[in-house]
Amino acid sequence: MNESLTRVRVAGFRSLRDVTVEFGPRTLLIGPNGSGKSNLLSVLQMVPLMRTQSLARFVGERGGASAILHYGASKTREIEIEITFNSGSNDSTYAARLGYAAGDTLLYLDESVSFGGEGSASPQPTTLGAGHSESILSDRAKDPRTPVVRDLNGLLSRMSFFHFHDTSPTSPLRQNAHQSDDRYLRSDGSNLAAFLYRLCRGDDDGARSSWKLIQGTVRRIAPFIKELAPALVNPGHPQSSTRLFWVDERDHRFDVHDLSDGTLRAIALITALGQPSTSVPRFIAIDEPELGLHPAALSLVASLVRSVSSRCQVLLSTQSSALIDEFDPSEVVVVEQRDGESKLRRLDAEELAGWLDEYTLSELYEKNVFGGRP
């Protein structure tokens, strides 16, 4: 990868009073419920939405600014976010300070970018503006005189967050999708059928390779599925839609509603990780990939993570001991909450060397050797 997300600092957001986390090709957050893992993922979801001027929608959907400020507006008045990328010998950082405003909303107290060479003195940030209610990063990126702003805007646009928790009968994953909504996979999988339909009919090497990988991995997880068969529901209609069907080993076609929750979730995960190089994001965050999956299926998902991480950084958030053995100690970040705030700590392989001669990482986690337990 030419560019990579190296560091994120967040202050004032829910349980994240002031935390910094560094990222490599693969990162695994592990910790109990309520430790703050999902809060970090929410920030990583919020920043790309800020770029598309959807901050107000994000805040509103989560109950207002008071609901996301650390211990509410009476305790915390600002949220600070810094996201740093590295491209070769240069670092570039997007930063925003969001302040509590009337109507239980957030206002930009400052929005800035900075750019500097590795090892050089910290560059002075270039302020984009203050007092606005939605980001002006994308507008400034249109100016040919601001290449740093343009590049940062592009990097933030290629950060994706996926959560496939809802597999109920009325979930987006089980519904029809507009055929035209197939350019990229949406965070909730609501266009899964359309995205897979495009891949299965793709005439380029990337689409064919991706479709083959997805089909093969799905069959390994669910051998009863001979093939996925996304199809048009109303061909020829101006608003034609697609639906996910599948065929079993007896060549009988079934509907997406005939898939178990775990199998459907696995298909969505595999699709997110098996995207063609032309559409795969630079950074993918996935919340609780273990939900409803057999440990063997989880191991296959972890293999996909290792494979895709050469061209896309992956962050997984979990409380599954089965998943932790698929990662090196240096790739694991333990999340715990103490005194009302989240604490993040990356495992030290040297400190655990003696233990790892006798035990696996999951066994050490179960024994509470390095924390992260309820």
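The values are calculated or read from the model by the stated rules, or taken from the named source; none is laboratory data. This one's a predicted model, so the numbers in the text were calculated from it and none came from an experiment. Neighbour counts run over all protein chains shown; Cβ positions are idealised from the backbone, glycine included.
Data overview
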item: Residue match in segment 121-131 (condition: under 24 Å from the mean Cα position of the chain (by Cα) and within 22 Å of V148 (Cα to Cα)); result: no
item: Odd one out for A296 among (1) surrounded by 18 or more Cβ atoms within 10 Å (Cβ to Cβ); (2) aliphatic (A, V, I, L, M); (3) touching a residue at least 40 places away in the same chain (Cβ under 8 Å); (4) in a helix (DSSP H, G or I); result: (1)
item: Of the criteria (1) modelled with pLDDT of 95 or more; (2) surrounded by 15 or more Cβ atoms within 10 Å (Cβ to Cβ), which one D251 fails; result: (2)
item: Hey, P281 surrounded by fewer than 20 Cβ atoms within 10 Å (Cβ to Cβ), of a type outside the set (G, A, S), under 23 Å from R158 (Cβ atoms) and within 22 Å of the chain's Cα centre (by Cα) or not; result: no
item: Selected residue (only one of R253, R282 is farther than 19 Å from L185 by Cβ and either in contact (Cβ under 8 Å) with a residue 24 or more places away in the chain or among the basic types (K, R) (or both)); result: R253
item: Residue within segment 6-20 that is under 13 Å from the mean Cα position of the chain (by Cα) and buried (at least 17 other Cβ atoms within 10 Å of the Cβ) present; result: no
item: Any hit, segment 94-109, residues being of a type in the set (A, V, I, L, M), within 19 Å of S157 (Cα to Cα) and either within 23 Å of the chain's Cα centre (by Cα) or surrounded by fewer than 21 Cβ atoms within 10 Å (Cβ to Cβ) (or both); result: yes
item: Some residue of segment 310-326 being surrounded by fewer than 20 Cβ atoms within 10 Å (Cβ to Cβ) and within 17 Å of the chain's Cα centre (by Cα); result: yes
item: Qualifying residue in segment 306-319 (condition: aliphatic (A, V, I, L, M), modelled with pLDDT of 90 or more, out of contact with any Ser or Thr (no Cβ under 9 Å at 6 or more places or on another chain) and in a helix (DSSP H, G or I)); result: yes
item: Of all residues making up segment 340-358, the number that are closer than 21 Å to L41 by Cα and surrounded by fewer than 19 Cβ atoms within 10 Å (Cβ to Cβ); result: 5
item: Checklist (1) touching a residue at least 40 places away in the same chain (Cβ under 8 Å); (2) of a type outside the set (A, V, I, L, M, F, W, C); (3) outside any helix (DSSP H, G or I) applied to T263, failing item; result: (3)
item: Pairs with Cβ under 7 Å, 6+ apart, first in segment 187-215 and outside any helix (DSSP H, G or I), second at pLDDT 95 or above and of a type in the set (G, A, S); result: G189/A268; S190/A177; N191/A177
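Table: residues versus (1) of a type in the set (G, A, S); (2) surrounded by 14 or more Cβ atoms within 10 Å (Cβ to Cβ); (3) in contact with a strand residue (DSSP E or B) (Cβ under 8 Å, 6 or more places away or on another chain).
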residue: P125; (1), (2), (3): no, yes, yes
residue: R158; (1), (2), (3): no, yes, yes
residue: L173; (1), (2), (3): no, yes, no
residue: A177; (1), (2), (3): yes, yes, yes
residue: L199; (1), (2), (3): no, yes, no
